[in-house]
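A.B. asks: First, the structure itself, so that you have it in front of you.
The values are calculated or read from the model by the stated rules, or taken from the named source; none is laboratory data. These numbers were taken from a predicted model, which means no experiment stands behind them. When we count neighbours, we look across all protein chains shown, and the Cβ atoms used for this are built from the backbone with ideal geometry, even at glycine. Remember, those area values only see protein heavy atoms, side chains included, never the ligands or the DNA or RNA. Shrake-Rupley method; radii C 1.70, N 1.55, O 1.52, S 1.80 Å.
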Amino acid sequence: MTDLIETIRRTLVPIHKEGYPFILIGIVLTVGAGLFSQFFAWVFLILTLWVCYFFRDPERVVPVGDGLIVSPADGRVNLISTVLPPPELDLSHEPMLRISVFMNVFDCHVNRVPVTGKIGQIHYTPGLFLNAELDKASEDNERNGLVMETTHRGQALRIGVVQIAGLVARRIVGFVSAGETKQVGERFGLIRFGSRVDVYLPVGTRILVGLGQKAVAGETVLADLGGGPERAFRRI
């Protein structure tokens with residue numbers, strides 16, 4: 001019986017408070033539709049359950065180690081490239097390594113800081129709502145960027161994290177303010193409903209994920225600031 005209760009507890013993960021208004025709307029629509037049509041009542045009930053699932057906020061087991069960069073988002077690694085970082089973040093005038101994680105509407109959308117450090121600045125940029133999988137979404141879409149000021153082997157580093165709205169997403173929600181110090185894996189924001197998060201790292205950072213790999217926010221190690229040879233991947 002104890003094992004069953006523990007299984008249920010782990011399955012029914014907490015729901016983030018950002019989802020409460022949407023869940024309430026879904027319940028009202030379900031009850032209202034039930035007064036007129038059983039079919040539409042079931043439709044709204046299924047949609048309400050999906051909203052509960054979308055706003056889930058599970059606990060994560062965060063790897064801790066000097067130089068480790070963990071994924072800020074659940075989703076698929078869809079871009080790894082060396083590009084100029086967003087100018088509004090004033091990160092660097094030279095290209096940086098960018099790792100992008102795309103979240104579809106079935107992924108958990110609570111975002112977590114990839115490294116321990118102080119939030120140097122936060123910059124919101126209005127924009128379009130193109131498909132977040134496209135490379136140009138980094139420049140054209142609505143986005144919210146923050147700079148993490150951290151250290152590695154005694155050297156000060158600045159790392160960029162950018163939340164990008166997608167086709168369905170219509171609001172980026174932030175939970176932090178500039179000047180706050182956050183531990184790796186702590187929650188810093190959420191995007192509704194399908195989007196992407198980019199991480200900008202110094203050139204020479206060792207990449208530990210491959211294109212198409214599934215990433216888990218706060219758990220999957222994307223890269224190692226310590227450098228070294230990159231991992232090789234193959235599809236099976």
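A.B. asks: At 1.4 Å probe size, with the rest of the protein present, what percent of the exposed accessible area of the chain is carbon and sulfur atoms?
C.D. replies: After summing per-atom areas, the C and S share lands at 60 percent.
A.B. asks: Just grab the label-to-label distance for residue 43 and residue 231, each label 7 Å out from Cα along the Cβ direction, in nm (one decimal).
C.D. replies: 4.4 nm
A.B. asks: While we're here: In a Gaussian network model over the chain where Cα atoms closer than 10 Å are linked, find which of 31, 101, 110 has the largest mean-square fluctuation.
C.D. replies: Maximum fluctuation in the GNM of the chain, among the listed residues, is at 31.
A.B. asks: Give the angle, between 0 and 90 degrees and rounded to the nearest 10, that separates the Cα long axis of helix 38-54 from the longest principal axis of the Cα atoms of the chain.
C.D. replies: It works out to around 30 degrees.
A.B. asks: While we're on this one: What angle do you read, to the nearest 10 degrees and between 0 and 90, between the alpha-carbon axis of helix 20-34 and the longest principal axis of the chain?
C.D. replies: Helix 20-34 sits at roughly 30 degrees to that axis.
A.B. asks: With each label point set 7 Å from Cα along the Cα-Cβ vector, what nm distance links residue 61 and residue 133?
C.D. replies: Here the answer is 3.2 nm between the modelled labels.
A.B. asks: In the stretch 169-188, which residues have a backbone nitrogen under 11 Å from the label point lying 7 Å from residue 124's Cα in the Cα-to-Cβ direction?
C.D. replies: Under cut-off, by backbone N: 171-175.
A.B. asks: Could you tell me whether the stretch 114-236 comes out rounded, prolate or oblate from its Cα gyration tensor? Rule is a ≥ b ≥ c as square roots of the eigenvalues, rounded for a/c under 1.5, then prolate if a/b exceeds b/c, otherwise oblate.
C.D. replies: Oblate, because a/c is 1.5 or more while a/b does not exceed b/c.
A.B. asks: Also, I was wondering about something else. Given contacts defined as C-alpha pairs under 8 Å and at least six residues apart, what's the relative contact order of the chain, whole-number percent?
C.D. replies: 23 percent
A.B. asks: Over the chain, give the accessible area per residue in Å² for a 1.4 Å probe, as an integer.
C.D. replies: Working: 12380 Å² over 236 residues.
Here the per-residue accessible area is 52 Å².
A.B. asks: Among the trypsin sites (Lys or Arg not before Pro) within the stretch 118-214, which fall in a DSSP loop and have no more than 15 other Cβ atoms within 10 Å of their own Cβ?
C.D. replies: Sparse-neighbourhood loop trypsin sites (Lys or Arg not before Pro): 136, 153, 170.
A.B. asks: Still on this structure, I have one more. Which distance in nm do the two modelled labels at residue 17 and residue 35 give, with both placed 7 Å along the Cα-to-Cβ direction?
C.D. replies: Going from the residue 17 label point to the residue 35 one covers 3.1 nm.
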